[in-house]
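Asker: My structure is below; once you've seen it, I'll send some questions.
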Amino acid sequence: MSMLILGLVLFLGMHSLRIFADGWRTQQITRLGLMPWKGLYSLVAIAGFVLICWGFVLARHHPVLLYTPPLLLMRLNALFTLVAFVLLAAARVPNNGIKARLHHPQVLAVKVWAFGHLLAAGMLHDVVLFGAFLLWSVVLFAASRRRDRREGTVYPPGTVKGTVIAVVAGVALWALFAFWLHALLIGVKPAM
């Protein structure tokens, strides 16, 4: 469990700098330059991600059951994950109404994904992983919306075409992941 926690601290800590240390982050970008900062940021984030994956695999060898979710919640997670994939696609597809309305769909995707997985998995390592991501996404979304208001950020209106592309791309990615990649990469076949 210690590797999983260390990975979460590195990965989520690096991704929390704009929340808790934006001034320090800006100073480091000025001091190092944008590209070296991005390189350092990426190295720490990748190291954290690798430790999360490794720690999660190690923790699965010593499972601690906290609760047994009913099958309905496990199946409901498929719906939460579908919504998360649509939100994730909306973060990348230009000119879509989802991003125009929600402003930070990628953070919301993490929130929905983590919440759904907390409902569907009751092992201690699941709660640590998904609970950490859920807490981080809630705090980041609130901080991002406050920063948008403070800076007067305006998001361009979306188009029907952009919105349809985001939804179709999200559903396609969800189907690919749910029916093939999740079992291949994670080793768990999702309940449908």
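Nothing in this text is a laboratory measurement; each read-out follows from the coordinates by a stated rule. This one's a predicted model, so the numbers in the text were calculated from it and none came from an experiment. All Cβ positions, even for glycine, are placed from backbone atoms using ideal geometry, and neighbour counts span all protein chains on display.
Asker: So, in nm, how far is label His182 from label Leu76 when the simple model puts each one 7 Å beyond its Cα toward the Cβ?
Answerer: 1.6
Asker: Arranged from highest to lowest average of other beta-carbon atoms within 10 Å per residue, in what order do the peptides 120-133, 10-23, 76-89 appear?
Answerer: 76-89, 120-133, 10-23
Asker: Can you sort His117, His103 so the residue with the fewest Cβ neighbours within 10 Å comes first?
Answerer: His103, His117
Asker: Just how many pairs of Lys in the chain have C-alpha atoms closer than 25 Å, counting pairs that are eight or more places apart or on different chains?
Answerer: Lysine pairs meeting both conditions in the chain amount to 5.
Asker: Report Rg (one decimal) and Dmax (nearest whole number) for the stretch 73-156, counting Cα atoms only, units Å.
Answerer: 13.9, 42
Asker: Further question: Based on the mean of other beta carbon atoms within 10 Å per residue, what is the order of 30-40, 137-147, most packed first?
Answerer: Listed from highest to lowest mean packing, they are 137-147, 30-40.
Asker: Against the globular-protein guess of 2.2 N^0.38 Å, express the Cα radius of gyration of the stretch 30-136 as a ratio, rounded to two decimals.
Answerer: My calculation over the Cα atoms of the stretch 30-136 gives 1.30.
Asker: For the stretch 1-62, how big is Rg over Rh, using alpha carbon atoms and the Kirkwood form of Rh?
Answerer: Computed over Cα atoms, the ratio is 1.11.
Asker: D for the chain, whole µm²/s, Stokes-Einstein with Kirkwood Rh over alpha-carbon pairs at 25 °C and 0.890 mPa s: what number?
Answerer: Roughly 136 µm²/s, to the nearest whole number.
Asker: What spacing in nm lies between the two simple spin-label points modelled at Leu135 and Val57, each 7 Å away from Cα in the Cβ direction?
Answerer: About 2.6 nm separates the two model spin labels.
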